[in-house]
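Beneath this line is the structure, given in structure tokens, with notes to follow.
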Amino acid sequence: MRASVSCLRARRRGVTLFEAVAAMAIVGVVSIAALEAVGAQMRAAERSRRAVEAASLAQQRLDWLDFLNEQQLRSLPDTVKEGSFAAPLDEYSWETEASPVSTQPGVYDVLVRVRWTRDDAFTLRTFVYRRPIVSTSTGARGGRGGQ
């Protein structure tokens, strides 16, 4: 009788319930890991897209400063100081700061910050030069020194 039981087991082909459950668990774990990797890639692509857009918008705002003279850089107009972009980029806003560098006449430290949420921002900082306004006092004789 023992020989017939071992013969039946040897002839039986198929998968036991335990083997099927173990295989399903392995497939499930691998699938979850693959979905997490795809999700991480999508988040990284979104961050890259935001960074490229924000850098381009910050450069655009910096280019606007080329139209300002030294006096306007000292006291930025409200339309240059802060605002938001037009649609379809209306989720972005900007802030601009300019302060003169005390050791270099005509040089300004300019900061442009582009925000898309309260916590997320891209900051572009550079130095801008404008020819300083030089005032000369010529006196009553027109600056000829008494000649």
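Any read-out appearing in this document is the output of simple, stated calculations on the displayed coordinates, not a laboratory observation. Not measured: the values here are computed from a predicted model. Backbone-built Cβ (ideal geometry, glycine too); neighbour counts: all protein chains shown.
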Residues of region 80-103 with amide nitrogen under 14 Å from the 7 Å Cα-to-Cβ point of Asp109? 97-103
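Based on the Kirkwood radius over alpha-carbon pairs, what value in µm²/s does the Stokes-Einstein equation return for the translational diffusion coefficient of region 30-129 at 37 °C and 0.692 mPa s? Mind showing how you got there, number by number?
Working: Rh = 15.3 Å.
Using the Kirkwood radius from Cα pairs, D works out to 215 µm²/s.
Expected output is a single nm value to one decimal: the length gained when fully extending between Met24 and Ser75, i.e. 0.36 nm times separation in residues minus the C-alpha distance. What is it? Show your work: numbers first, answer last.
On the way: separation 51, 0.36 × 51 = 18.36 nm, distance 6.77 nm.
Extra length from Met24 to Ser75 when fully extended: 11.6 nm.
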With labels modelled as points extended 7 Å from the Cα through the Cβ direction, what inter-label distance (nm, one decimal) is found for Ala44 paired with Thr123? 2.6 nm
In terms of modelled amide H atoms, which long-range or inter-chain residues lie less than 5 Å from the amide H of Val101? Val107, Tyr108, Asp109
